[in-house]
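**Student:** For reference, the structure I am asking about is given below.
The values are calculated or read from the model by the stated rules, or taken from the named source; none is laboratory data. This one's a predicted model, so the numbers in the text were calculated from it and none came from an experiment. Don't worry about glycine lacking a Cβ; one is built from the backbone with ideal geometry, like all the others, and counts go over all protein chains shown.
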Amino acid sequence: MRPRSSCFLAPVRPLVVVTLLAVAATAGCGYHVAGRASELPSDWHTLAVPIFVNHTAGYRIEQRVTNAVMHEFIARTKYHILPSEDGADAVLHGEITDIEAVPLLFDATSGHVTTMLVTLKFKVSLVDETSKKVVYRDDNFVFRNEYQVSGEVDRFFQEEDPALGRMSRDFASDLVSRVLEGF
């Protein structure tokens, strides 16, 4: 039996390669960068984010959260963000329904808390002002994250404001991603 010559396959190889390249170039992988794809109507130009309603005892947390959400929309979208509903194409309504901080980790020698698990619960809805249609709604939006705590009592109160800022920014990033991606 005679071995096959590689010359027989030589003309087929360029055709296969060209075909595979053409298929690869026209086929999309289906992936996108998180927070960059938007399911929101393309005719919107302005989005209002009025101050969230605070149903908790957390002092001024609604201001921190609202500001963080506004900044996140500004950073990740083309919309003009307004603090009030007047003249907006859509309005994002938010309510903080619960806040809970639970000790998670302790220092073995001192027994002081080193890490807290903070849980925030929200009601959030995005409404198209023209049609009054709810575009996004989550009545049980739960946000959880771990935050480090200083064991020194005098530093604890110095850390509260930066911790609220971090928590607000983390929540805002999560919320805006969900709204933009339609989850």
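**Student:** Considering only the stretch 133-165, state which residues are in a helix (DSSP H, G or I) and either at pLDDT below 80 or surrounded by 14 or more Cβ atoms within 10 Å (Cβ to Cβ) (or both). Talk me through it step by step, then tell me what you get.
**Tutor:** Quick first cut of the stretch 133-165, residues in a helix (DSSP H, G or I) only: 153-165.
Passing the criteria: Val153, Asp154, Arg155, Phe156, Phe157, Gln158, Glu159, Glu160, Asp161, Pro162, Ala163, Leu164.
**Student:** Return a yes/no flag: does the stretch 31-42 have any residue that is polar (S, T, N, Q), out of contact with any strand residue (DSSP E or B) (no Cβ under 6 Å at 6 or more places or on another chain) and at pLDDT below 90.
**Tutor:** Yes, the stretch 31-42 contains at least one residue that is polar (S, T, N, Q), out of contact with any strand residue (DSSP E or B) (no Cβ under 6 Å at 6 or more places or on another chain) and at pLDDT below 90.
**Student:** Which of the following residues is among the hydrophobic types (A, V, I, L, M, F, W, C), surrounded by 14 or more Cβ atoms within 10 Å (Cβ to Cβ) and in contact (Cβ under 8 Å) with a residue 40 or more places away in the chain: Ala90, Ala101? Don't jump to the end; show me each part of the working.
**Tutor:** Details: Ala101 fails: in contact (Cβ under 8 Å) with a residue 40 or more places away in the chain.
Every option except Ala90 fails the conditions.
**Student:** Is there a residue being within 25 Å of Leu164 (Cα to Cα), out of contact with any His (no Cβ under 6 Å at 6 or more places or on another chain) and among the charged types (D, E, K, R) anywhere in the stretch 118-130? First the steps, then the outcome.
**Tutor:** Within the stretch 118-130, the subset within 25 Å of Leu164 (Cα to Cα) is 118-126.
Filter once more, so that each one left must be out of contact with any His (no Cβ under 6 Å at 6 or more places or on another chain): 118-124, 126.
Okay, now just the ones that are also among the charged types (D, E, K, R), so 121, 123.
The answer is yes; a qualifying residue exists.
**Student:** Among Val113, Val118, which is the only one that is surrounded by 18 or more Cβ atoms within 10 Å (Cβ to Cβ), in contact (Cβ under 8 Å) with a residue 40 or more places away in the chain and of a type in the set (A, V, I, L, M)?
**Tutor:** Val118
**Student:** Which pairs have Cβ atoms under 7 Å, sit 6 or more apart or on different chains, and link a residue in the stretch 61-87 that is among the charged types (D, E, K, R) to one that is in a strand (DSSP E or B)?
**Tutor:** Glu62/Val53; Glu62/Asn54; Glu62/Ile96; Glu85/Ala48; Glu85/Val91
**Student:** Identify, by number, the condition in (1) touching a strand residue (DSSP E or B) at 6+ places or on another chain (Cβ under 8 Å); (2) under 20 Å from Tyr136 (Cβ atoms); (3) loosely packed, with under 14 Cβ neighbours inside 10 Å that Ala75 doesn't meet.
**Tutor:** Unmet condition: (1).
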